[in-house]
Amino acid sequence: MDEAMWAFGRASGFIALALFTASLLLGILNRSGRPVLVLPRFSISLLHRNIALLAAVFLVLHVGSLLLDSYAKLRPVDVVVPFLGSFRPFWQGLGTVALDLVAAVIVTALLRHRMGQRVFKAVHWLSYGVWPVAMAHAIGNGTDVGSTLFFLLAAASAIAVAAALVWRLSAAFLETSRAREGNLP
């Protein structure tokens with residue numbers, strides 16, 4: 001049973017990382033206000049939200065399965081408080097930090113209408129910090145780091161996120177975003 005939990009924990013972590021990468025990319029695209037291919041902006045927003053929620057589900061499955069695995073030796077406190085773990089505490093702690101940040105983003109997203117747009121946006125900016133912390137956790141703590149599949153996922157994700165961030169910080173993006181905001185009622 002432990003081997004099945006270990007395999008499931010690895011696979012769910014891999015899938016969560018891929019989904020969080022897709023969610024981050026869609027969030028950047030959504031912020032641009034531009035349609036992608038034939039998808040209108042509201043579709044990109046829905047896709048971003050649904051992929052983010054699916055990523056969160058796989059994150060819960062990842063952590064839950066490792067809590068049940070005796071090899072991982074993950075304790076409930078390790079899930080909440082970073083850097084206390086027994087196996088590679090620094091790298092495991094980065095996973096805890098990423099989990100805590102994801103939880104903050106999810107809670108504010110769910111309470112978005114009650115806490116206001118400014119608080120939601122301020123906390124949502126943490127998403128830019130979650131991704132590199134989660135990637136560092138995967139590289140430092142993952143047992144599949146040497147596999148070709150993991151390398152391809154990590155490399156493709158890093159290139160895509162770096163390109164999206166360069167585009168996000170470009171003058172053309174900022175001009176388009178400001179113009180769109182200026183057209184809002």
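Worth a mention:
- Cα-centre dipole for the chain with unit charges at Cβ (Lys and Arg positive, Asp and Glu negative), debye to 20: 820
- Taking S65, S86, S127 as the candidate residues, the one with maximal mean-square fluctuation in a Gaussian network model of the chain, Cα springs under 10 Å, is S86.
- Spherically averaged projected area of the stretch 51-91 from its Cα convex hull (nm²): 3.1
- Å² of accessible area per residue within the chain, as computed with a 1.4 Å probe and no ligands counted: 58
- Alpha-carbon radius of gyration plus Dmax, which is the widest Cα pair, for the chain in Å: 17.6, 57
- Segment F42-L67, length gained on full extension (0.36 nm per residue, minus Cα span): 5.3 nm
- Calculated P(r) tail over 22 Å for the stretch 25-128, as whole % of Cα pairs: 43
- Charge dipole magnitude, Cβ of K and R +1, D and E -1 - the stretch 27-134, Cα centre, debye nearest 20: 500
- Estimated at 0.36 nm per residue, the fully extended path between A4 and K121 surpasses their Cα-Cα distance by 38.2 nm.
- Taking the centroid of alpha carbons for each part, the stretch 114-169 and the stretch 1-62 are 11 Å apart.
- The GNM of the chain, with springs linking C-alpha atoms under 10 angstrom apart, assigns the highest mean-square fluctuation among L67, L110, L101 to L110.
- Dividing the radius of gyration of the alpha carbons in the stretch 17-77 by their Kirkwood radius gives 1.21 for Rg/Rh.
The values are calculated or read from the model by the stated rules, or taken from the named source; none is laboratory data. The structure presented is a predicted model; accordingly, all values stated were derived computationally and were not measured. Quick reminder, even Gly has a Cβ in these numbers, built from the backbone with ideal geometry, and neighbours come from all protein chains shown. All accessible areas refer to the heavy atoms of the entire protein, side chains included, with ligands and DNA or RNA removed. Shrake-Rupley method; radii C 1.70, N 1.55, O 1.52, S 1.80 Å.
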